[in-house]
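The structure under discussion appears below in the form of structure tokens.
The values are calculated or read from the model by the stated rules, or taken from the named source; none is laboratory data. If you're wondering where the values come from, they're calculated on a predicted model, not measured in any experiment. Note that each Cβ is placed from the backbone with ideal geometry, even for glycine, and that neighbours are counted across all protein chains shown. Protein only, heavy atoms only, side chains kept; ligands, DNA and RNA dropped before computing areas. Shrake-Rupley method; radii C 1.70, N 1.55, O 1.52, S 1.80 Å.
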Amino acid sequence: NSYNIPIRLWILDSHPFAPPICFLKPTANMGIAVGKHVDARGRIYLPYLQNWSHPKSTLIGLIKEMIAKFEEELPLYSLSSSDAARQSELLAYIAKITEGETDLKSRSKTGGRNEGCFNKITIVGAGDLGIACVLAVAAKDVADKVVLLDLSEGAAKGGTMDLEIFAVPNVEISKDFSASADSKVVVLTVNSLGNAQTYLDVIQSNVELFRGIIPAVSHYSQNAVLLVASHPVEVMTFVSWKLSSFPKSRVIGVGANLDSERFQYMLTNLLKAEVLAKDAWVIGEQGEDKVPSWTSCNVANQAEAMAAHDSREKVANRAMEILKGKGQRSWSVGLSVADLADSILKDKRKVHSVSTLAKGCCNINSEVFLSLPCILGASGVIEMVRLEEDPLVQEKLQSSAGSIHDLQQQLKL
């Protein structure tokens, strides 16, 4: 038998980088058969949509997959005349969507709680890091609502299933980008798990993944701060900035925030150098090339400056040795993400070492993101804090900037 299955495709402004939103368009005598590809409202979910990547993904390819999947499991069935009347409410809902009234707009018009006044965070990616971020944000009571976007195929499993079972307060799990609408902070934790052969291939796979994510979340939350925790954080923050077209102040990476917090803790509690800890930061790129530095301060004379530098260098070297033995597990990075989100959402204007556009700093002339001490607030990076001029530190930052820029030049954006 042949069936004519009516559908409606909603093309977003961010198309072709973001996939269309797809609905069945049942007539009055058709009922929706809820299944793994269709929900009760007629919304269509397919692997092709989840894995959308421009330019490989096309509308023609999407329709071909619909034909194949709906051959396996019909999404509609015929209603009896008595049941047909029950379709009116559903059809009215779908009609609203075709007129441009999204579910979010409809809720705001009905006088319910206005989500625009919320501190809402969306966390993209339901892997170990994504779930760690959800739990850390919930534990620190950072936001009024947390949306976890699970982009994996299939039903909820593993950690996401546990989040649903134990009903963590104010946490919503969704596969729908529209659930992220009006977020004030969007955290990116996804990493491609493809069969890449080289480091460059791994990063390129991440770029392809971000092509389908960044335009969509940017479309739904146009005033959000993008907080990137995906690897390598410096490159993926640059990619997020380019794909979102957001101002540089609203695209930041987690950078060396965790290392800086640990560094200051060690100086204060292990090495009893509390005075030094106040101005101490770990900066640069994540990994072995990160370096300790100090914010600029006025010293009376050159001799005092040299003495202060020598004493700090000895303590800093000791602290960095201890720091090398500390790994960055998902839950520790999650706590760092919650710390950054807290400063942004509550407009704390606190200084953090985060990945920000370093062009113009330390004679860096390329568009690269490096971790530098910045004041964070509701609009992201408010101001970069001036560092003490140290030729060795500047040399290392320039070296990192050069290698990151070379890597970025090889990517297909």
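The figures follow:
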| quantity | calculated |
| --- | --- |
| Qualifying residue in the stretch 191-203 (condition: of a type outside the set (D, E) and open to solvent by less than 10 Å² (accessible area, probe 1.4 Å)) | yes |
| Sole exception among (1) under 16 Å from the mean Cα position of the chain (by Cα); (2) outside the structural domain of S183 (by the TED database); (3) charged (D, E, K, R) for K248, by number | (2) |
| Index of the failed condition, T268 passing every other in (1) closer than 30 Å to S221 by Cβ; (2) open to solvent by less than 50 Å² (accessible area, probe 1.4 Å) | (1) |
| Checklist (1) in contact with a Leu (Cβ under 9 Å, 6 or more places away or on another chain); (2) closer than 16 Å to G212 by Cα applied to K56, failing item | (1) |
| Check on V251, under 22 Å from G212 (Cβ atoms), touching a Gly at 6+ places or on another chain (Cβ under 9 Å) and open to solvent by less than 20 Å² (accessible area, probe 1.4 Å) | yes |
| Any strands (runs of 3 or more DSSP E) falling wholly within the stretch 1-67 and containing at least 2 residues that are of a type outside the set (V, I, T) and farther than 24 Å from L149 by Cα | 30-32 |
| Selection status of K396, modelled with pLDDT under 95, touching a strand residue (DSSP E or B) at 6+ places or on another chain (Cβ under 7 Å) and open to solvent by 60 Å² or more (accessible area, probe 1.4 Å) | yes |
| Neighbours by Cβ (under 7 Å, 6+ apart or cross-chain): first from the stretch 171-189, more than 13 Å from L345 (Cα to Cα) and assigned to a helix (DSSP H, G or I); second among the β-branched types (V, I, T) and open to solvent by 40 Å² or more (accessible area, probe 1.4 Å) | none |
